Amino acid sequence: MLSISSGAARAPARSRLPPARLPRARFAAPLAGRRSRWREASPGSPGPHRAPPPAQALRADPGSGASAPPPLRLIMLRHSDSCTEDESLKDHDRPLTAWGRAAAGALCANLAAEGWAEPDLILCSASLRSRETLAEMRAVHPPLESARVEFLGSLYAVAAMDGVTADHLRETVRRFSAGDGAGARCVMCVGHNKGWSEATSEFAGAEVNLDVATAALLEASSGDVGTFQEAFDDDAPCAWRLAGVVAHGVAEPRDQGGDARANKKEKAKEGGGEGDPGQGGEGGPGDGEGWNPSMGVPA
């Protein structure tokens, strides 16, 4: 049996080095060949907008020492570009164009890069172009499959009417985020103009214009608001902060030598606007689900 001498020399103590500082995480830069996806949140002030923190991040509560959930988030997303050439189709049944499918996927990739692509609840218009927009996004970002999804004809119909979309969305979000949707911290609403731009502007307190395949990102201005029932309470609704606007960043067909989108916009001008029934343009003629002649059609 080996014995160790009590007088054996001890190894010199190792000096302790301070822990290395890790570099700060940075948000991904726009993909090469794409336009910048971020727009300035403040109206009338062009320039890049700083990306918000990822949805999964938890904020430390210095008072309790525990982590608090992030603020409630609302994503207002307009569907991607759809076909208007086939006049036999009802407006409700117009599919996405090839460019529209690419733009929807690119928008989702940009949202995912900024940490805004994992909603708990998705409220989507039942129109074909809205459903196909969501399908293209899910193909790019599978975590969207875990969100609860509701396809609602009312989101198509209400977007064509003046000044009522915001109230309808408040009521709809409250209803579907209760019960089985309890605990939802992030809700994505997929729908149409003119209602989506109107409602987003009302929530944000600033004018916001949503082009196709574009999303406005809103956060509850108070961290004390725990549910969407509280956030959209009729008596004391919370204010919303516009964190940014994310676009698809894909060159439009006319920028690639074509003129498909340019022709659509010209038709809209000649017809009196893209929401005019029977006049063409991006709203197009048609009588989709929930539509009647006094309402026009959503874009």
Exercise. Looking at (1) under 16 Å from Tyr156 (Cα atoms); (2) in a loop (DSSP other than H, G, I, E, B), which is the one condition that is false for Ala184?
Worked result: (1)
For this session: Determine whether Asn209 is free of Cβ contacts under 8 Å to residues at least 24 places away in the same chain, of a type outside the set (Lys, Arg) and outside any helix (DSSP H, G or I).
Result: yes
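Picking from Glu118, Glu85, Glu150, which residue would you name as being of a type in the set (Asp, Glu), assigned to a loop (DSSP other than H, G, I, E, B) and in contact (Cβ under 8 Å) with a residue 24 or more places away in the chain?
Values: Glu85 fails: in contact (Cβ under 8 Å) with a residue 24 or more places away in the chain; Glu150 fails: assigned to a loop (DSSP other than H, G, I, E, B).
Going through Glu118, Glu85, Glu150 in turn, just one is of a type in the set (Asp, Glu), assigned to a loop (DSSP other than H, G, I, E, B) and in contact (Cβ under 8 Å) with a residue 24 or more places away in the chain: Glu118.
Does Arg174 qualify as being basic (Lys, Arg) and more than 21 Å from Ser221 (Cα to Cα)?
Details: basic (Lys, Arg): yes; more than 21 Å from Ser221 (Cα to Cα): no.
No, not satisfied.
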Seminar exercise, completed: Of (1) in contact with a Lys or Arg (Cβ under 8 Å, 6 or more places away or on another chain); (2) closer than 23 Å to Ser80 by Cα; (3) not polar (S, T, N, Q), Arg185 satisfies every one except (2)
Seminar exercise, completed: Counting only residues that are closer than 22 Å to Thr133 by Cα and modelled with pLDDT under 95, the stretch 191-240 contains a total of 0
Problem set entry | Positions within the stretch 124-165 being surrounded by fewer than 18 Cβ atoms within 10 Å (Cβ to Cβ) and over 23 Å from Leu107 (Cα atoms), in sequence order | Gly153, Ser154, Met161, Asp162, Gly163, Val164
For this session: Filter the stretch 73-111 down to the residues that are surrounded by fewer than 18 Cβ atoms within 10 Å (Cβ to Cβ) and small (Gly, Ala, Ser), then identify the one that is farthest from Ser201 (Cα to Cα).
Result: Ser88
Exercise. Just one of Ala117, Ala55 is crowded, with 16+ Cβ neighbours inside 10 Å and at pLDDT below 95; which is it?
Worked result: Ala55
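The values are calculated or read from the model by the stated rules, or taken from the named source; none is laboratory data. In this text, all values refer to a predicted model and were calculated from it rather than measured experimentally. Here the Cβ is made from the backbone with ideal geometry for all residues, glycine too, and neighbour counts use every protein chain on show.
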